[in-house]
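Notes for the one structure printed next.
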Amino acid sequence: MIDPVKVLTQRLADAMTAAAPDAGGIDPVVRPSDRTDFQANGIMGLAKRMGINPRELAQQVLDAAELDGVATAEIAGPGFLNLTLDEAFLGHSVAEAIGDEAQGIVASQEPQRVVIDYSAPNVAKEMHVGHLRSTVIGDSLVRILESRGDTVIRQNHIGDWGTPFGMLIEHLIDLGEEGAIAELALGELNTFYRQARVSFDGSSEFADRSRARVVALQAGDPETLRLWRILVDLSAEYFQAVYDRLGVRLTIDDLVGESTYNELLATVVADLDAAGMLQTSNGARCVFPDGFSNREGEPLPLIVQKGEGGYGYAATDLAAIRDRIDRLRADRLLYVVGSPQAEHLAMIFAVARDAGWLTDATEVDHVAFGSVLGEDNKMMKSRAGASLKLADLLDEAVARAAAIVAQKNPDLDEAERAEVARAVGIGAVKYGDLSSDRTRDYVFSFDRMLAFDGNTSPYLQYVVARVRSILRKSRVEGIAVPGERDEPVPDRIGMVEPAERALGLALLSFGRVVEDSAASSQPHRLCTYLFELAQTFTRFYEAAPILKADTDEQRHHRLALAVGTERVMVRGLDLLGIEAPQRM
């Protein structure tokens with residue numbers, strides 16, 4: 001597909017190189033403009049490096065640039081270029097974009113093997129609102145990267161090992177396997193965990209049994225492992241039910257618990273020791289990576305092995321990063337983990353580099369995110385003050401959406417209304433999270449998320465439904481829809497009205513936005529684009545009648561723009577993990 005920005009960038013870069021052959025690192029910096037189609041700002045930076053007048057350099061670039069048939073350009077301001085696409089070039093580009101099955105998403109020239117660590121709930125604990133961000137951000141990144149041809153390996157690093165499992169297994173034994181299985185099968189994981197904690201805190205005999213059970217678990221006792229597996233499997237079924245409800249791609253096959261790395265931990269310690277990186281501090285085996293200190297300015301330790309011989313989270317995380325590089329052959333590692341873990345992960349990455357496990361051949365990024373806040377600007381809790389269950393949050397979202405949908409479209413039958421309510425409610429929760437810059441906290445508000453106006457999922461879904469309604473009406477009236485059956489998309493889209501041109505330009509930028517979202521791990525950039533596209537279509541719809549256009553050709557071209565909008569909106573929402581109902 002022709003991307004005007006890439007064409008302009010290449011031709012201006014060639015011209016800048018001709019004007020300054022020794023400059024190196026030339027980028028014309030072509031960006032959309034409010035005053036014209038695009039603006040190129042890179043000449044000013046190049047002129048500064050060369051020590052010459054930027055307007056003079058701009059003229060030299062224009063004289064050398066091969067822009068005939070692509071765009072007209074004029075020098076503006078201190079030396080940037082205003083670029084207006086040639087009508088024929090724009091019309092052919094938009095037509096090609098509308099007919100493109102990939103909607104302008106271009107496969108990466110160097111596809112990567114990307115391992116994404118996300119979601120990470122704990123066995124025998126229910127998923128709560130704190131798991132929302134990691135899960136939906138991670139899922140969107142999986143979709144975005146796969147759309148560009150990367151091989152994505154999902155890693156759900158669940159907490160399935162450690163001291164608490166002693167008391168959990170003993171509580172399972174006390175309840176009896178059948179009773180425990182029945183309770184856990186209902187999804188009451190928190191109740192089970194709290195009961196185990198009460199027994200541990202209130203009975204020294206139970207606590208002693210629990211500690212002994214931990215030792216047996218770590219030693220690989222077959223009966224203890226069998227009981228442990230019951231807890232893990234039932235929790236996994238519960239997790240899957242939540243994932244299916246949320247509409248994310250995680251499956252049981254993606255579960256990679258802490259226990260997965262048990263056999264690698266001793267090797268991690270031995271290799272760090274052989275490399276001379278381990279020091280003993282207060283009985284524990286530690287690494288002190290450069291650049292990390294505590295509040296007193298003292299070197300900060302990463303505890304790899306505890307004084308009594310047990311292993312902590314750091315050892316598991318080091319084993320995991322080593323496994324992902326060596327066994328999974330990752331080119332890129334993404335950790336979709338909350339911002340509070342920034343220092344811990346930075347230390348893990350530093351130690352892995354110092355040990356030679358993590359090299360420049362593998363890119364690693366902490367995809368950090370802020371917290372979900374209630375409308376009181378405090379950490380979001382249930383009315384009782386506990387962590388809000390994710391399943392309960394989704395239930396309420398769908399229930400509220402059902403009431404809104406019933407009010408807005410009472411003609412929907414019960415089955416369709418339920419399906420639309422599910423898509424709207426779940427989509428609202430996911431988009432409300434994804435549309436905010438992930439590095440910031442955001443306030444969770446059902447009223448805002450479920451609004452049918454503003455930057456919300458219901459608004460985007462409604463715009464898609466509106467476009468589909470237009471296309472349905474066209475078919476009913478016997479008007480051929482471009483791109484359907486034997487009706488091809490025109491070779492060139494005529495765009496006379498400013499609103500038509502604006503929509504065509506917006507459609508052409510989808511692939512670039514997806515590329516940018518993939519590189520930056522920032523799904524909110526895709527959200528912003530979709531919201532702006534929806535607004536642009538709404539303005540187009542109001543300014544340029546489609547089915548009542550002045551001529552058949554004009555109607556055909558405007559229908560093609562509507563088809564392109566529907567395809568891009570649906571594809572973009574899918575990359576966010578959000579469904580687009582046929583009607584709303």
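The values are calculated or read from the model by the stated rules, or taken from the named source; none is laboratory data. Every value quoted in this text rests on a predicted model; they were computed, and no experiment measured them. Because the Cβ atoms are built from the backbone with ideal geometry, glycine has one as well, and the counts that use them run over all protein chains shown. We work out accessible area using only protein heavy atoms, side chains counted, and drop any ligands, DNA or RNA first. Shrake-Rupley method; radii C 1.70, N 1.55, O 1.52, S 1.80 Å.
Assorted remarks:
- Computed over segment 96-238, the alpha-carbon pair-distance distribution with 10 angstrom bins reads 11, 31, 24, 16, 10, 6, 2, 0, each value a whole percent.
- Exposure of residue 311 as accessible area (Å², to 10), given a probe of 1.4 Å and all protein chains: 90 Å²
- Both radii come from the Cα set of segment 424-490: Rg as radius of gyration, Rh as Kirkwood radius; their ratio Rg/Rh reads 1.21.
- For residue 389, the solvent-accessible surface computed with a 1.4 Å probe is close to 50 Å², ligands and nucleic acids excluded.
- Counting charges near residue 7 (Lys, Arg +1; Asp, Glu -1) among other residues having Cβ under 14 Å from its Cβ returns a value of -4.
- Radius, Kirkwood style, for segment 15-154 when every pair of distinct Cα atoms is counted (Å): 19.0 Å
- At R0 = 35 Å, FRET efficiency that the Cβ-Cβ distance of residue 113 and residue 190 yields, to 0.05: 0.40
- Here, segment 166-250 is characterised by an Rg to Rh ratio of 1.03, where Rg is the alpha-carbon radius of gyration and Rh the Kirkwood radius.
- Against the chain, whose longest principal axis comes from its Cα atoms, helix 189-202 is set at around 30 degrees.
- Length gained on full extension, residue 252 to residue 480, computed as 0.36 nm times the residue gap minus the Cα-Cα distance: 77.5 nm.
- Between the listed residues 265, 120, 52, the Cα displaced farthest toward the positive end of the dipole of the chain, a dipole computed from Cβ unit charges relative to the Cα centre, is found at 52.
- Diagonalising the gyration tensor over the Cα atoms of segment 113-158 and scaling each eigenvalue by 5 before taking the square root yields semi-axes of 23, 11, 5 Å, largest first.
- Solvent-accessible surface of segment 277-386, taken per residue with a 1.4 Å probe and all protein chains present: 53 Å².
- Whole-angstrom gap from segment 119-175 to segment 194-222, using each part's C-alpha centre: 24 Å
- In terms of distances greater than 27 angstrom between alpha carbons, the cross-link table entries 125/408; 381/430; 6/48; 125/378 yield 125/408.
- The slack between residue 88 and residue 280, meaning 0.36 nm per residue of separation minus the straight C-alpha distance, is 61.9 nm.
- Remark: the residue 582-residue 491 segment gains 29.9 nm on full extension, using 0.36 nm per residue and subtracting the alpha carbon distance.
- Each 20 Å bin from zero up to the one holding the largest Cα-Cα distance in the chain carries the following percent of pairs: 17, 43, 30, 10, 0.
- Radius of gyration over Kirkwood radius for segment 445-556, both on Cα atoms: the Rg/Rh ratio is 1.01.
- Seen against the Cα atoms of the chain and their longest principal axis, helix 4-19 is set at about 80 degrees.
- Whole-angstrom gap from segment 527-584 to segment 450-511, using each part's C-alpha centre: 3 Å
- Local net charge near residue 432, Cβ-Cβ under 12 Å (Lys/Arg +1, Asp/Glu -1): +1
- Folded to 0 to 90 degrees: helix 54-64 orientation relative to the chain principal axis, Cα: 70 degrees
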